[in-house]
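For reference, the structure discussed in these notes is given below.
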Amino acid sequence: MAKTLMLLPGDGIGPEVMVETRKIIEWANTRGADIKIKEGLVGGASYDAFGKPLSDETLKLCRECDAVLLGAVGGPKWNNVDYAVRPEAGLLRLRKELDLFANLRPAIVFDALIDASTLKPEIVKGLDILIVRELTGGVYFGEPRGIEDLGNGERRGFNTQTYTSSEIKRVGRVAFELARKRRGKVTSCEKANVMESGKLWREEITALHAEYKDVQLEHMYADNCAMQLLRNPSQFDVIVTDNLFGDILSDEAAMLTGSLGMLPSAALGAPGSPGLYEPVHGSAPDIAGQGKANPLATILSFAMCLRYSLGQPALADAIEEAVRSVLDKGTRTSDIMAKGSREVSTSQMGDALIAELKTAQAKAA
Ligand code: IPM
Ligand code: MG
């Protein structure tokens, strides 16, 4: 049965990496994926067109699709725009409205890119960790929030960190389930030593563990986790944490791999509701439009989409395998360039991947 996929290229390098991803979507269609594409505006592009970073019409289209694939949002052009309508607010609204509470952010070190990491090769070799970040709660959405005038030129800025039991349990469940299919270990991170929301987080995850006795559970303070990620990242399998800590720890984990340009992510809600797939990197306005962007994170996000939302795990495997081969052959965009490799543009990377997919297909036939 046909599936619909909503493309939201967004800002900065978003549109150019999406052009390459479209090539891969078309390839998937030649292999029976039967994906119908729709397209819309998000972020600054939507703000410029409609005065808001996500229009109701676009949101409606997203709801009706099987999945949404987003490029990136934001840029200096919108720095002075009000928070409520900034490009980032469009992304946050999309996450919240679709109730995408579980954000899966893998950090995988490809053997061919081991030297791209700033850490020693022996520390990051074979690294494969998965951060499960809570995405629709916590301090990002907690009320009250604001900046108030205290008089005398003094002001007070405030946000609220809040979690309910059910918010913690549903994301915890996702982490335990995923760990079962991986190496069977969950590290839960909070600051239970200083925050009540962290104490509740630890208690709820501990209680939930009773249903997942086959999975090993450890608790870690988030600051210690930040340190352990640099000291010995291979100790981790699945890390589950709140919205803000997850934002920070996932950037750190991403950089262990050497390039943000390589990392995909998935945001999932209740079964049957559309998932949102996006690269972990931002809109990189400094290199936008120059053919320098690495399209692989978005293409790998599409692979996750095939696996989790479009029911095509074999095609997802084929894309991930092709990415590995292309890298093994020394094809590199500038962000992952190394001595002796061949530097290619954004579109050449897309073409190289298509060639690789076709070669692999011919070999298998
Ligand atoms: C991310 C980004 C977003 C976040 C921004 C763009 C709102 O940093 O997806 O990690 O903070 O969640
Ligand atoms: Mg972030």
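Things to note:
- Residue selected from segment 286-297 under the condition within 14 Å of P9 (Cα to Cα) and not hydrophobic (A, V, I, L, M, F, W, C), by the criterion farthest from ligand 1 (Cβ to nearest atom): G289
- Some residue of segment 58-77 being under 27 Å from E320 (Cα atoms), of a type outside the set (S, T, N, Q), within 13 Å of ligand 1 (Cβ to nearest atom) and in a loop (DSSP other than H, G, I, E, B): yes
- R86 fulfils the conditions (1) over 30 Å from K329 (Cβ atoms); (2) touching a Ser or Thr at 6+ places or on another chain (Cβ under 7 Å) except for a single criterion, (2).
- The numbered conditions (1) open to solvent by less than 70 Å² (accessible area, probe 1.4 Å); (2) away from ligand 1 (no atom under 16 Å from the Cβ); (3) under 23 Å from the mean Cα position of the chain (by Cα) are all true for V139 except (2).
- Filtered by the rule that a residue be in contact with a helix residue (DSSP H, G or I) (Cβ under 6 Å, 6 or more places away or on another chain) and under 17 Å from S250 (Cβ atoms), segment 284-318 gives A297, T298.
- Test for L229: is it farther than 25 Å from T359 by Cα, open to solvent by less than 10 Å² (accessible area, probe 1.4 Å) and touching an Asp or Glu at 6+ places or on another chain (Cβ under 7 Å): yes
- Segment 107-145, residues that are free of Cβ contacts under 8 Å to residues at least 12 places away in the same chain, charged (D, E, K, R) and either at positive phi or outside any loop (DSSP other than H, G, I, E, B) (or both): E122
- Lone unmet requirement of (1) of a type in the set (K, R); (2) open to solvent by 20 Å² or more (accessible area, probe 1.4 Å); (3) farther than 19 Å from L306 by Cβ for R95: (2)
- Subset of segment 250-266 (residues that are near ligand 2 (Cβ under 10 Å from one of its atoms), open to solvent by less than 10 Å² (accessible area, probe 1.4 Å) and of a type outside the set (S, T, Y)): A254
- Of everything in segment 267-278 that is within 16 Å of ligand 2 (Cβ to nearest atom) and open to solvent by less than 10 Å² (accessible area, probe 1.4 Å), the residue that is farthest from T136 (Cα to Cα) is Y277.
The values are calculated or read from the model by the stated rules, or taken from the named source; none is laboratory data. The shown structure was predicted, so the numbers you read here are calculated from the model rather than taken from an experiment. Here Cβ is always computed from backbone atoms with ideal geometry, including for glycine, and neighbour counts include all displayed protein chains. Note: accessible area is taken over every heavy atom of the protein model, side chains too, but ligands, DNA and RNA are not part of it. Shrake-Rupley method; radii C 1.70, N 1.55, O 1.52, S 1.80 Å.
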